[in-house]
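The values are calculated or read from the model by the stated rules, or taken from the named source; none is laboratory data. All of these numbers come straight from a predicted model, not from anything done at the bench. Cβ sites come from the backbone with ideal geometry, for glycine too, and all protein chains shown count toward neighbours. Surface accessibility is based on the protein's heavy atoms, side chains included, excluding ligands, DNA and RNA. Shrake-Rupley method; radii C 1.70, N 1.55, O 1.52, S 1.80 Å.
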Amino acid sequence: MKTVHVDTGKPYDIFIERGILDSCGEYVKKLSPAQKAVLVTDTNVAPHYQWRVLNSLTQQDIRVKTHIFQAGEESKHLGTISEIYKTLADFQMTRKDIIIALGGGVCGDMAGFAAATYLRGIDFIQLPTSLLAQVDSSVGGKTGVDLPQGKNLAGAFHQPIAVLIDPDTLKTLSDDFIADGMAEVIKYGCIKDSAFFEELEKGDALKRIDDVIETCVSIKRDVVSRDEREAGERMLLNFGHTLGHSIEKLSGFTGITHGMAVAIGMVLIAKAGEKHGITEPGTADRIAALCKTYCLPTETEYSFTELADAAMGDKKTAGGNINLVMLSKIGESLIRKTPLSELEDFITV
Ligand code: MG
């Protein structure tokens, strides 16, 4: 068992262990006074794992109701949240009760948002089942949904009372979903840890995935505990995400996953950094090579004009400027405030 302690306003632990899904009930019993739980999961994950979690909870005499929504980013909107609220209210959940999020990033973000807002906030536990959720989205307390105008525009900061990571769940993921998570893994090496980046370059990360997950959540924990509400350092976690979000937006959020878009975004912003003398020469090529090792794309058909235009509505814009996360070199990152009017020029190489 690996344990990573997160010292946010409300501290909690991340537990990494194969088979931990079967002990979920014991953790709930230990950490919460809940007598009832709503298990939120999706149509992909439910058939694989819901019974194991349900069994574990009922063994501890916790009454459980399952809420299953249609898998996919298309479900990440307020309509689905309304349906979750209905399940919570019909089951007469009180402030002492708990929501269990079993699934990938979309599930954690939505179950977390429902937990943050129902009865002005109830506890929740994350059981992330995708690599992306295990290394990134289940840690840090960001919850929310997409609006028609953009991704994650409505949300709340709400920390879980625990994150239980079972790396065995990765066995049921398709290669695309593994690649999706690997983009965030590579991101952590880029922004904070050159030795970790070099480890990844050996190409065998999937063989040591438990250690990889621990390294990623430890890096994220360090950043988030210093800057829970993204006033500064936490922005570094958005490396590759500004142009990545542009690509996702331009593609209408179909045909390309978040991780694929972030991979391209990391390469593009590193190239821009090299052009402006901010980033050590050769960095973009190294990132591109590593992305290819883990079956991630590194190029896009969209023009720099399209990418810059799409970035205008990004959350990271403020007062006519956009905060771009850049690298000085692998393992060292910085935030560069760039006027929106200069963005297209800045990223064009
Ligand atoms: Mg991301």
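How long is the gain from Gln149 to Ser251 if the chain were fully straight, where each residue apart is worth 0.36 nm and the alpha carbon distance is subtracted? Don't jump to the answer; show the numbers that get you there.
Details: separation 102, 0.36 × 102 = 36.72 nm, distance 1.41 nm.
That works out to 35.3 nm of additional length.
Which net charge results for the neighbourhood of Phe304, defined as the other residues with beta-carbon distances under 10 angstrom from its beta-carbon, given Lys and Arg at +1 and Asp and Glu at -1?
On the way: positive: none; negative: Glu306, Asp309, Glu344, Asp345.
Around Phe304, the surrounding residues sum to -4.
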FRET efficiency for Gln70 and Glu17 from the Cβ-Cβ distance with R0 = 25 Å, rounded to 0.05, comes out at 0.25
Regression test value, accessible area per residue of the stretch 209-349, probe 1.4 Å, units Å², expected 41 Å²
Per 10 angstrom bin, beginning at 0 and ending with the bin that holds the maximum distance, the Cα pairs of the chain fall in percents of 6, 27, 35, 23, 9, 2, 0
Once all protein chains are kept in place, Phe15 shows an accessible area at probe 1.4 Å, nearest 10 Å², of 30 Å²
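Using the Kirkwood radius over Cα pairs, work out the Stokes-Einstein diffusion coefficient for the stretch 179-347 at 10 °C and 1.306 mPa s, in µm²/s as a whole number.
Stokes-Einstein gives a translational diffusion coefficient of 100 µm²/s.
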Using a 1.4 Å probe on heavy atoms of the protein chains only, the accessible area for Asp285 in Å², nearest 10, reads 110 Å²
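Could you please report the charge total around Tyr27, scoring K, R as +1 and D, E as -1 over all other residues with beta-carbon less than 13 angstrom from its beta-carbon?
Numbers: positive: Lys29, Lys30; negative: Asp13, Glu17, Asp22, Glu26, Asp123, Asp166.
Local net charge: -4.
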Long-range share for the stretch 2-172, i.e. C-alpha pairs more than 22 Å apart as a percent of all pairs, stands at 34 percent
Too long for a 30 Å Cα-Cα cut-off, among Lys30/Lys192; Lys76/Lys202; Lys142/Lys337, are Lys30/Lys192; Lys76/Lys202
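Got a number for carbon plus sulfur as a percent of the chain's accessible area, 1.4 Å probe? Each step should come with its number before you reach the end.
Values: 6820 of 14110 Å².
It is 48 percent, rounded to a whole number.
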Taking a crude spin-label model, label points 7 Å out from Cα along the C-beta direction, the Asp175 to Ala195 distance in nm is 3.3 nm
SASA check, Lys202, accessible area w/ 1.4 Å probe, all protein chains in place, rounded to nearest 10 Å², comes out at 140 Å²
Subtracting the Cα-Cα distance of Glu26 and Gln60 from 0.36 nm times their residue separation yields 11.6 nm
Of Lys187, Lys2, Lys192, ordered by accessible area with the largest first and a 1.4 Å probe, the sequence is Lys192, Lys2, Lys187
